[in-house]
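Novice: I'd like to ask you about the structure that follows.
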There are 2 protein chains.
Amino acid sequence: MKTEFLQNWDTQLKKGILPLFVLKALSKKECYGYELIQELKLSAGLEVTEGTIYPLLIRLMKYNLLTSKWVEQPSGIPRKYYQISDLGKKALKEMKSSIQMTMTKIVK
Amino acid sequence: MKTEFLQNWDTQLKKGILPLFVLKALSKKECYGYELIQELKLSAGLEVTEGTIYPLLIRLMKYNLLTSKWVEQPSGIPRKYYQISDLGKKALKEMKSSIQMTMTKIVK
DNA sequence: TATTAATACATTGTATAACAATGTATTAAT
DNA sequence: ATTAATACATTGTTATACAATGTATTAATA
């Protein structure tokens, strides 16, 4: 079992990392929120709850990094699909290069 | 000038990265708080204020990742020197490997 | 048939931690 | 005499992950 310190640290690190992974996932294919939760678990091992992902998607929309559209389903609840915008692609690029610069400093 | 989104992102990312860099710096040599601020700027390009570093050092002490001692100066204000503990070294190691795993996923 | 689980959206309250602002005190420079 | 740099620290604000809760639909199970 992880110490309290390392658990808190994981949470704080996630606050920085998560938006990047969401943008990255959406740059590969459009997703709806619930789908993203499973996608992030699979692709990055990131376990995220609904109370995290929905507010995050709304925030990314607010900054015009995403677009969205409702899609009715043949059966069940309609899904809100999100797409990365041009601004989102630009932000993702900057975030990647920024974090890679930081990483070289950690190893050094 | 960076967008509001990227500025907030930098701040959030720092919350995850900073403890690692502090432990890393102290694993090289013991430092006092004010010195650490300049050390982090030089070694990692991290700009940190006193309102960030002092509470952080207190937090790391709380989790027994650091030890500290006051050192009187021939002139001026006494300095509180911090040393990394064995537990701190262990945490640093885990943090490094955890973050490097995450990083490979970003590149991938 | 009734109950549970999974899907799919969303909000509210709590906790963590960076940061600006402020405070105290000492010493050096202008 | 005033300002800047050094050196400690605390208070209030803000951003954001997360647990908990809520609504609604459909499938599986007991």
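The values are calculated or read from the model by the stated rules, or taken from the named source; none is laboratory data. Because the structure is a prediction, the values reported are computed rather than measured. A quick note on method: Cβ atoms are made from the backbone with ideal geometry, for glycine too, and the neighbour counts reach across all protein chains shown. Note: accessible area is taken over every heavy atom of the protein model, side chains too, but ligands, DNA and RNA are not part of it. Shrake-Rupley method; radii C 1.70, N 1.55, O 1.52, S 1.80 Å.
Novice: Please list, ordered by first then second residue, the pairs with beta carbon atoms under 8 Å, 6 or more apart or interchain, first in the stretch B:51-62 and within 19 Å of B:ALA91 (Cα to Cα), second surrounded by 12 or more Cβ atoms within 10 Å (Cβ to Cβ) and of a type in the set (Gly, Ala, Ser).
Specialist: Filtered contacts from the stretch B:51-62: B:ILE53/B:GLY33; B:LEU57/B:GLY33; B:LEU57/B:SER68; B:LEU60/B:GLY88; B:MET61/B:SER68.
Novice: Residues that are within 13 Å of chain A (Cβ to nearest Cβ), within 14 Å of DNA strand C (Cβ to nearest atom) and within 22 Å of A:LYS14 (Cα to Cα), at least 3 per element: which helices (runs of 4 or more DSSP H) completely within the stretch B:3-89 meet that?
Specialist: Qualifying helices (runs of 4 or more DSSP H): B:4-28, B:50-62.
Novice: Something else now. Kindly check whether there is at least one residue in the stretch B:4-12 that is under 14 Å from A:PHE5 (Cα atoms), open to solvent by less than 20 Å² (accessible area, probe 1.4 Å) and within 11 Å of DNA strand D (Cβ to nearest atom).
Specialist: Scanning the stretch B:4-12 turns up no residue that is under 14 Å from A:PHE5 (Cα atoms), open to solvent by less than 20 Å² (accessible area, probe 1.4 Å) and within 11 Å of DNA strand D (Cβ to nearest atom).
Novice: Output yes when any residue across the stretch B:82-90 is within 14 Å of DNA strand D (Cβ to nearest atom), surrounded by 14 or more Cβ atoms within 10 Å (Cβ to Cβ) and either at negative phi or not charged (D, E, K, R) (or both), and no when none is.
Specialist: yes
Novice: Which residue pairs have Cβ atoms under 6 Å apart, sit 6 or more places apart or on different chains, and have a first residue in the stretch B:4-15 that is closer than 21 Å to B:THR102 by Cα and a second that is open to solvent by 60 Å² or more (accessible area, probe 1.4 Å) and within 11 Å of DNA strand C (Cβ to nearest atom)?
Specialist: Listed pairs, sorted by first residue: B:GLN12/A:LYS15.
Novice: Something else now. Restricting to the stretch B:15-36, give me the number of residues that are within 8 Å of DNA strand D (Cβ to nearest atom) and open to solvent by 20 Å² or more (accessible area, probe 1.4 Å).
Specialist: Residues meeting the conditions: 3.
Novice: Scanning for something over 24 Å from B:SER98 (Cβ atoms) and aromatic (Phe, Trp, Tyr), does the stretch A:20-40 turn up at least one residue?
Specialist: yes
Novice: Here's something else I'd like to know. Taking the stated definitions as given, is A:TYR82 touching a residue at least 24 places away in the same chain (Cβ under 8 Å) and farther than 15 Å from A:GLU30 by Cα?
Specialist: no
Novice: Assuming A:GLU72 fulfils every condition listed in (1) within 26 Å of B:GLN100 (Cβ to Cβ); (2) open to solvent by 40 Å² or more (accessible area, probe 1.4 Å); (3) more than 9 Å from DNA strand D (Cβ to nearest atom) apart from one, which condition is it?
Specialist: (1)
Novice: Is it the case that some residue within the stretch B:95-107 is surrounded by 15 or more Cβ atoms within 10 Å (Cβ to Cβ), within 27 Å of A:MET101 (Cβ to Cβ) and within 14 Å of DNA strand C (Cβ to nearest atom)?
Specialist: For the stretch B:95-107, residues surrounded by 15 or more Cβ atoms within 10 Å (Cβ to Cβ), within 27 Å of A:MET101 (Cβ to Cβ) and within 14 Å of DNA strand C (Cβ to nearest atom): present.
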